[in-house]
């Protein structure tokens with residue numbers, strides 16, 4: 001910062017200090033002229049009495065509102081409103097008593113400055129709490145409450161104009177554009193309102209699309225996500241333009257943004273693009289059962305949610321795995337329910353050469369049909385696959401239509417049923433075995449020096 005800029009900043013600080021000092025002097029003079037009077041003591045006493053009465057009676061008012069909120073004739077929004085008023089029943093009852101007291105004081109001709117100040121703060125508190133219930137996000141509801149309460153408090157004590165003047169006098173100049181703290185604050189407030197409106201509009205549009213039977217789930221998500229992105233972009237642009245900020249002032253940041261995207265935000269951009277690609281080609285959608293190869297091994301589960309950064313997969317272990325979109329694009333992926341939910345499972349097994357092959361085939365099919373999840377149509381089949389080293393190789397094939405319930409567990413139930421039937425009918429599942437043939441005799445040495453051939457017996 002050069003000398004001229006530093007001088008300007010010092011002048012702005014001095015101007016703000018002078019304004020604040022003058023306002024504080026006015027407040028002090030007002031308190032000196034109004035606080036130390038008999039009428040002021042009456043107001044303070046009235047405030048204490050009304051608070052005591054509100055404290056004693058607000059519990060009954062709260063119970064009445066809670067009982068009213070349980071009425072089914074009221075809509076959900078009205079019930080939520082009544083519950084909110086019940087939660088702040090103390091300030092509500094207090095402000096009612098203050099209103100009556102203010103009317104009495106005005107009729108007598110006494111001053112009501114303190115009574116009106118406390119009443120204004122309470123009304124602001126009540127209004128903020130009521131408006132906050134219509135903001136769906138808990139975080140933004142809390143932000144709105146704090147900002148609105150600070151503004152109401154500053155306005156009640158007469159400091160709001162001073163703060164606004166200071167914000168208008170504080171700023172930076174970029175080229176021919178002067179950006180003040182007040183313009184930034186207005187832009188943020190307007191952008192917050194527009195972003196909330198954009199999200200509300202996108203949510204309403206999404207609910208409307210959900211009633212459409214002709215659009216797939218992936219296409220609906222893609223349309224809603226693109227609409228939300230466009231609306232949010234327009235909200236920011238409109239907010240910046242509405243407060244007089246020239247968008248060309250941000251051109252100097254384009255190079256830094258490009259470097260940031262190229263270095264630190266590369267993965268974020270890749271996941272963003274991959275999310276739109278997955279939705280556009282409809283390779284996966286919420287509700288699909290997928291299996292994807294990751295660094296830690298294969299992940300099997302049902303797709304629960306798709307965001308711009310990851311896909312949430314609920315595994316059979318009950319854990320929710322967040323897989324980045326770029327991993328789904330770069331690694332082999334099996335969608336068990338992509339085009340049709342029914343899938344075929346294969347169970348290879350072997351029986352001994354002495355066993356009845358036809359009986360084994362029939363028992364394996366019966367074992368699969370006893371499992372409730374196995375479909376009767378198409379029917380299970382058992383095929384003979386070949387002659388193995390130790391067994392006759394067979395393969396059981398059957399169909400299921402609920403892969404989201406798991407595929408290994410249904411195979412386990414079928415195998416257990418086959419094992420029981422094979423035991424009952426004496427069908428042997430052979431162990432692997434190898435025959436060793438000696439092509440020539442080997443003489444084994446003995447301690448006495450005379451060898452014994454393997455086919456000779458006895459002792460020396």
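Yes/no per residue for (1) in contact (Cβ under 8 Å) with a residue 60 or more places away in the chain; (2) surrounded by 14 or more Cβ atoms within 10 Å (Cβ to Cβ); (3) within 30 Å of residue 313 (Cβ to Cβ); (4) touching a helix residue (DSSP H, G or I) at 6+ places or on another chain (Cβ under 8 Å):
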| position | (1), (2), (3), (4) |
| --- | --- |
| 355 | yes, yes, no, no |
| 362 | no, yes, no, no |
| 365 | no, yes, no, no |
| 368 | no, yes, yes, yes |
| 412 | no, no, yes, no |
| 423 | no, no, no, no |
- With the checklist (1) within 48 Å of the chain's Cα centre (by Cα); (2) at pLDDT 75 or above in hand, flag the one item residue 1 doesn't pass. (2)
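Being at pLDDT 80 or above and surrounded by 13 or more Cβ atoms within 10 Å (Cβ to Cβ), is that true of even one residue in segment 429-438? Working first, answer last.
Taking segment 429-438 as the starting set, the residues that turn out to be at pLDDT 80 or above are 429-430.
Now drop any that are not surrounded by 13 or more Cβ atoms within 10 Å (Cβ to Cβ), which leaves 429-430.
Checking segment 429-438: at least one residue is at pLDDT 80 or above and surrounded by 13 or more Cβ atoms within 10 Å (Cβ to Cβ).
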- Query: Taking residue 118, is it surrounded by 14 or more Cβ atoms within 10 Å (Cβ to Cβ) and over 38 Å from the mean Cα position of the chain (by Cα)?
  - Reply: yes
- Query: Could you list, in sequence order, the residues of segment 337-353 that are under 30 Å from residue 313 (Cα atoms) and surrounded by fewer than 18 Cβ atoms within 10 Å (Cβ to Cβ)?
  - Reply: 338, 339, 340, 341, 342, 343, 344, 346, 348
- Message: Looking at (1) more than 21 Å from the chain's Cα centre (by Cα); (2) modelled with pLDDT of 70 or more, which one does residue 247 not meet, given that it meets all the others?
- Response: (2)
- Taking residue 368 as meeting all but one of (1) closer than 16 Å to residue 417 by Cα; (2) in a strand (DSSP E or B), write down the number of the exception. (2)
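The values are calculated or read from the model by the stated rules, or taken from the named source; none is laboratory data. This one's a predicted model, so the numbers in the text were calculated from it and none came from an experiment. Positions of Cβ are generated from backbone atoms using ideal geometry, with glycine treated the same way; all protein chains shown enter the neighbour counts.
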